[in-house]
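The structure under discussion appears below in the form of structure tokens.
Here, each number is a calculation from the coordinates, and none is a lab measurement. Model, not experiment: these values are computed from the prediction. We place every Cβ from the backbone using ideal geometry, glycine too, and count neighbours over all the protein chains shown.
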Amino acid sequence: MNAPNPSGWRPAMGDGVQDPAQLTASGDRGLMLEEPLIFELGRPGTCGVDFDEPAGEMLPGLARFARKAAPALPGLTEPETVRHYTRLSRQNYAIDLGPFPLGSCTMKHNPRLNEKVARLPGFADIHPLQPQQTVPGAIAAIVELADWLVTLTGMDAVAMTPKAGAHGELCGLLCIRAALEARGDARAVILVPESAHGTNPATAAFAGYRVENIPATADGRVDLAALTARLEPDVAAVMITNPNTCGLFERDMKRIADAVHAVGGFVYCDGANFNAIVGKVRPGDLGVDAMHINLHKTFSTPHGGGGPGSGPVVLSAALAPFAPLPFAQVGSDGVLRLIEEEDALTAHPHSFGRMAAFHGQMGMFTRALTYILSHGADGLRQVAEDAVLNANYVLRSLDDALDAPFGEAGPCMHEALFSDDGLPEGFTTLDIAKGLIDEGFHPMTVYFPLVVHGAMLIEPTETESKAGLDRFIAAMRSLAVRAQGGDPSLKSAPHLAPRRRLDETLAARKPVLTYAG
Amino acid sequence: MTTYYTQDHEWIEVDGDLGTVGITDYAQGQLGDITYVDLPEVGAPVAKGAAPCVVDSVKAASDVFSPVSGTIVAVNETLADAPELVNTDPETGGWLFRVTLSDPAELTGLMDKAAYEAFVKDL
């Protein structure tokens, strides 16, 4: 116990800075604190609280599973434990520290009002196994949020239980499979365009389908001719991300949906980018049959380590009968009740089953509903407008410094896409991303989407101010200028971060996943 | 022995009815450092255009498509411990799998070295 990291390897420190172990007695550098693993801290036998000695005989109920030796827990006092995690948090970067321009992730501000409402005891201190008549307010909140999602998308129903985006995709595809099987028409293939989200083919394969790719056109959208040429009776569904991962609106969506419906297939829309069109476009009007909504993106609930995802799925009239259990419904007597397996035979006989034990991510429902109610319809429309405005501001402020592959085609939606075309020989997208760390920003999404060489996908979100965007743009421009000038120091960035450039290849080829032995 | 190339940047070196398959130097350069190779099972049948093998790099996981139909008869076991061979020696020591050709006529649609080099130049 308390053995130091046996690999002995420590990432390199900043340029021109001696290893602090040789510079200071403590090993820290100013207020930049070095921090060992928690298992390397403390002393055996130390404990933050005093436990009573067990009284009486131990019951032998665990038989051979009873522990024979004490667990190898680190021995720390409470203040040591608090300091450990606070020190680690100071090495982290978070949305509360600065912009998080990760394209496709929608890392926007998490309003504090959401947090206040989610902590109300009527929402925060309840349990999913409580009798439903003791939690009518919570059920009403779920139903109110569900109504908003159905209204905003122009669909017929919504399954609230999926826990995140890819879980929602699976829910949508299971509804499609149930609908096809119910008419005795099981099909084998799901078409996924190159410009779709990466999780789409994985979900289709997981749901038991064979995935076929549809190419993108030169302007970064689904190739309608290639898609319609492939539409045969074995196609169960098409999965389309709209707006797509190139930050472009799929203008042919309605024509695609009509063509898919004409051969008896369904249209799944990946709604991860709904924040760009919320209040402006209703996917139901475009012929979508199922779409998940990332509450943790469009509706501002925390994610990326700050909170769980939540991926309700809106459904067309054709798919609604197959939605998963449980769900809340207002009965003919005006009373809210939950439809579970006991009532399903009469109330909802075609359900494909259950996606989750309970009713979904309640803590995310209360936050998303707060966000919707505090914005109102006009505010939500402004969310989409400002998200698109900010992305286009970034695109047009940098398209003379970096190659914008679809810049000629017109405005983008909520994210600006650049490529490494035009960076001088020897400089890569990774160098720009690492340089951004020195500038004090979290890097953008890199090397995705795959259809663009050396992609840099920047999603500023609507919550960044113009002043904040100008600072980011100035940093990006300076990095592009340094690359054009052949600045060799950019090749080894970051220089000012707590750690130098990490060896990602070594980490992937020979990962060290244990701290000892 | 003749080597053929595909538009998906695989090469196949054919000796009688035995083909050795790998990815081209251009492909490894585009993928970046290879971190893992998911090899097919020996004895498995494979169809032309199917993806029996996946190459993981620091940037992406990429399917390797079989240029021909046949049966997998050998895989390059050294890649389990040394995936970097695909980067350093892509067109010889970094080969991926060997396949017996069930239909040698499938080779006619592939490119020779000169045609592939011209194809890559235009990308």
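A few comments on the model shown:
- For A:Lys297, the lysines whose Cα falls under 28 Å of its own Cα, not counting residues fewer than eight places away in the same chain, are A:Lys108, A:Lys116, A:Lys163, A:Lys254, A:Lys280, A:Lys434, A:Lys466, B:Lys59.
- Relative contact order for the range A:434-490: 27 percent, from Cα pairs under 8 Å spaced at least 6 residues apart, divided by residue count.
- Loop-resident GluC sites (Glu not before Pro) (DSSP state other than H, G, I, E or B) in the range B:1-60 with no more than 11 further Cβ atoms inside 10 Å of their Cβ: B:Glu41.
- Under the shape rule built on the C-alpha gyration tensor, where the axes satisfy a ≥ b ≥ c, chain B is oblate, since a/c reaches at least 1.5 while a/b does not exceed b/c.
- Rg over Rh, two decimals, the range A:113-368 (C-alpha only, Kirkwood Rh): 0.98
- Each helix, a run of at least 4 DSSP H residues, gives -39500 (n - 2.57); summed and divided by the residues of chain A, these come to -10000 deg cm²/dmol at 222 nm.
- Total formal charge among the other residues, if their Cβ is under 11 angstrom from that of A:Cys269, Lys/Arg +1 and Asp/Glu -1: -4
- Translational diffusion of the range A:129-218, µm² s⁻¹ [Kirkwood Rh, Cα pairs; Stokes-Einstein; 10 °C; 1.306 mPa s]: 101 µm²/s
- Only Lys, Arg (+1) and Asp, Glu (-1) charged, at Cβ; chain A dipole about Cα centre in debye: 700 debye
- Given charges at Cβ of Lys, Arg, Asp, Glu: the protein assembly as shown dipole, positive-most of A:Val288, B:Val42, A:Ser374: A:Ser374
- Exposed loop positions in chain A were taken to be GluC sites (Glu not before Pro) whose DSSP state is not H, G, I, E or B and which have at most 13 other beta-carbon atoms within 10 angstrom. Between these positions, the longest stretch is A:58-424.
- Per-residue mean of foreign Cβ neighbours for A:502-515 is 3 (Cβ atoms of other chains, 10 Å radius).
- Considering only A:Pro162, B:Leu18, A:Met364, the residue lying farthest towards the positive end of the dipole of the protein assembly as shown is A:Met364, judged by Cα position with unit charges set on Cβ.
- Viscosity 0.890 mPa s, 25 °C: Kirkwood-radius Stokes-Einstein D of chain A over Cα pairs, µm²/s: 95 µm²/s
- From most to least packed by mean Cβ count within 10 Å, the peptides A:170-179, A:394-403 give A:170-179, A:394-403.
- Summary value for the range B:3-44: 24 percent relative contact order, contacts being C-alpha pairs under 8 angstrom separated by 6+ residues.
- Net charge over other residues, Cβ less than 15 angstrom from the Cβ of A:Phe100 (K, R count +1; D, E count -1): -3
- Net charge over other residues, Cβ less than 9 angstrom from the Cβ of A:Ile240 (K, R count +1; D, E count -1): -2
- Exposed-loop-free span, longest in chain A, where chymotrypsin sites (Phe, Trp or Tyr not before Pro) count as exposed if DSSP calls them loop and at most 15 other C-beta atoms lie within 10 Å: A:94-357
- Mean Cα-pair separation over length for chain A, i.e. relative contact order, pairs under 8 Å, 6 or more apart, %: 19 percent
- In chain B, helices alone account for a calculated mean residue ellipticity at 222 nm of -4000 deg cm²/dmol, with every DSSP H run of four or more residues adding -39,500 (n - 2.57).
- For the range A:378-509, the square roots a ≥ b ≥ c of the C-alpha gyration tensor eigenvalues yield an a/c of 1.5 or more together with a/b exceeding b/c, which makes the shape prolate.
- Within straight-line cross-link reach of B:Lys121, lysines at Cα separation under 22 Å, skipping those fewer than 8 residues along the same chain: B:Lys113
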